[in-house]
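Here the structure is laid out as structure tokens; the discussion comes afterwards.
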Amino acid sequence: MSVVGLALAAASGAAGLAVAAGTWLPQRARPAVVGGCTAGLGATGLVAGAAALQGERWSADLPDLLPLAGVHLAVDALSGLFMAVAGAVVLAVAVYGIGYATGHGLSSRAVQAVLPVFALTLILVPAAGSLSTFLVLWELMALTSLVLVVAEHRERPSVREAGLWYAVMTHMGLVLLLVGLMWFAAGVGGETFAALRAGAGSMSPGARDAVFVLAGLAFASKAGMVPLHAWLPRAHPEAPSHVSALMSAAMVNLGVYGIVRVGLDLLGGGPRWWWWLVLATGAVSAVYGILQAAMASDLKRLLAYSTSENLGLVLIGVGAAGMFHAAGNRALASLALAAALLHVVNHAAFKALLFCVAGSVLRATGLRDLDRLGGLRARMPVTAGLFAVAALGAVALPPGNGFISEWLLLQSLIHGLSVPGVSTAILLPLAVATIALSAGLAAAVFVKALGVGFFARPRSPQAAKAKESPPSMLAAMGLLAVACAALALVPGVLAPGLSRATAAAGIGGEQPLSGGGLQVRISQASASLWPLWIAAALVLALAVAAALVRLIARRRRRTGAKLWDCGGGAPTPRMAYTATSFAEPLQRVFDDVLAPEQDVNVTPVRESAYLVERVRFQRQVPDRIEHRLYRPVLAALTAVGASARRLAGGSVHLYLGYGFFALVAVLVALAVMQ
């Protein structure tokens, strides 16, 4: 058996052991044993993905495992990249979860037994080789993640509401996916990926378009793309933090995998308008997501919207790759797709670390509200430093790991301006502007999160009494920080694997990236980058600046009388910026897009209507799409449901009449069809 097959078999065995441990072991021993087995599961998934990225292909048929259709597995380099990312995230998060679950009341049998199953589906979904296998694993992933999202429903009513939104949105996506993929299978007369790939060309253009749109909507919903993102800023904040890390760093990536696998590989590309739609969806999601993150004061909600932004950037690259492929420029298509896939890897590293840090803050303080945090740099110095590492990657500035992938994405779009076509001339400059705008807003978002949450003065007793996380959590976050540093300094080591992944997606021409570990060179252009030397130059510049500051500080300082403070006394936390006040200038700039709501409540003195006892000012920035799109739909459905209750009057004769008329309608329909 190949390395991929052995690793997947070992991953399945580790998952079985973890489920058994979570079900039968006593509560005190559960987190450590389940965490260890799940970490082993992640390590084997990483090995399987790495082997596939090295060029190993593997397939297996298990006809007796699933009734009627059996199980078909097929792993190539594209599958391997997503398996490796999921495995690495599972490995780190499982170690983190040992300490987090113990101190956060998440050692119940349900949570501990379901977590390894969810982790296994994250690795196996990209390994599916047939539609039935893919759909079963996809639904199992959705159900297990739903159980984990509502794990703390007894503590907070908001968890139940978030779980309901997540359940409805994910199963609406499943219906779209089921209809689209079954239509695809019926059109080609087979359901294995090999049969779909071979028979896609025989389908009519209209059928191919319908399959892509239906499947694309379902996958975009899983990736948290606007306007199908409503579940993401609700489910991610309310889920346990290590589950949020798995969902945001691994699960949402599978939406991107689905679009690439179905659109580029199985359907063979398609017309340009498919990819205009993907690129436009990614651009809107990137800007809207980072704007909402800029307004959020809930740390985990901020990170959830940041996920929409980063996956939007990934879809900009995927859409550009599809456009270049449709135009016949395979070199630029492979470069754009390689940049998008590299950003998937980078985002997984820094977003998993960010959610783990948010979990550490929540465990230490019980708070997610940045307006009530502060002072954590002195009380949780390691956690604060790790957050800074991850934030540097999220803002796409050197030497952060997000910089190199966004630079490559910009290079592909800029060089793509030479591709003929009116749509290219319009969309690509807009995409470049979108990336620049989202990067600038991301810098404001994470300066706010780091400055207000960690460097400002504590604004609550919980923040003032915070303590550092336990060793297992720090070790896991350290692993993720090392991954971020490695991806930032030597991203060139991924170049061969990215080339194989783009080739497996069906658009690979010549190798898009080269240059070895220390250098990243674009094969189709003269552009190249040395991330390690950039980092060294920045470190040297900072060292020189620090030395100059210390040299100046050694000079004798003139002392004088204490300045008059106007009777105000020493500064207090109330005088510092909060997350809300920090974001107010941006809110004013984008007021028309965000549509903030405000309310002033004036309470007069009881004896006189002209004297004011208390004034309360409240301003919030709701999710405008949820407010304007989903709320009216929910209200209409509620009204329809209330009206439908009148049809159930309790009369047997009435119900028999319903059955009679339904039977007549079915018979008439059959007669018309014949």
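Suppose the Debye formula is applied to equal point scatterers at every Cα of segment 225-353; what is log10 I(q)/I(0) at q = 0.11, 0.14, 0.15 Å⁻¹? Those come out to -0.37, -0.58, -0.66, one per q.
Straight-line cross-link reach from Lys222 at under 22 Å between alpha-carbon atoms covers these lysines, not counting any fewer than eight positions away in the same chain: Lys300, Lys351.
Packing, taken as the mean count of other beta carbons within 10 Å per residue, orders the peptides 340-348, 473-481, 424-432, 201-209 from highest to lowest as 340-348, 473-481, 424-432, 201-209. Projecting the Cα atoms of Gln411, Leu66, Tyr610 onto the dipole axis of the chain, where Lys and Arg carry +1 and Asp and Glu carry -1 at the beta carbon, places Tyr610 farthest toward the positive end. Simple spin-label estimate for Leu667 and Ala194 gives 5.0 nm between the two label positions (7 Å along the Cα-to-Cβ direction from each Cα).
Using the Cβ-Cβ distance between Tyr630 and Arg521 with R0 = 45 Å, the FRET efficiency computed as 1/(1 + (r/R0)^6) comes to roughly 0.45. Net length available on complete extension from Arg554 to Asp64 is 168.6 nm, with 0.36 nm assigned per residue and the Cα-Cα distance removed.
At an R0 of 60 angstrom, the distance between the Cβ atoms of Val605 and Ala642 translates into a FRET efficiency of 0.85. Net charge of the neighbourhood of Val605, taken over other residues with C-beta under 14 Å away and scored Lys/Arg +1, Asp/Glu -1, is 0. For the chain, the convex hull spanned by the alpha carbon atoms encloses 226 Å³ per residue. In the chain, a dipole from Cβ-located charges (positive for Lys and Arg, negative for Asp and Glu) runs towards its positive end, and of Gly201, Met169, Val520 it is Val520 whose Cα lies farthest in that direction. Dipole orientation for segment 3-455: of the candidates Ala48, Leu181, Gly22, Gly22 has the Cα lying most toward the positive pole (charges on Cβ; Lys, Arg +1; Asp, Glu -1).
Shown for Glu626, Glu406: other C-beta atoms within 10 Å of each C-beta, ranked fewest to most, produce the order Glu626, Glu406.
For segment 596-644, the list of trypsin sites (Lys or Arg not before Pro) that fall in a loop by DSSP and count at most 12 other C-beta atoms within 10 angstrom reads Arg606.
With a Förster radius of 41 Å applied to the C-beta separation of Trp530 and Val422, the computed FRET efficiency comes to 0.65.
A short reminder: the numbers here are calculations on the coordinates, not readings from a lab. Quick caveat, the model's predicted, so the values are computed rather than measured. All Cβ positions, even for glycine, are placed from backbone atoms using ideal geometry, and neighbour counts span all protein chains on display.
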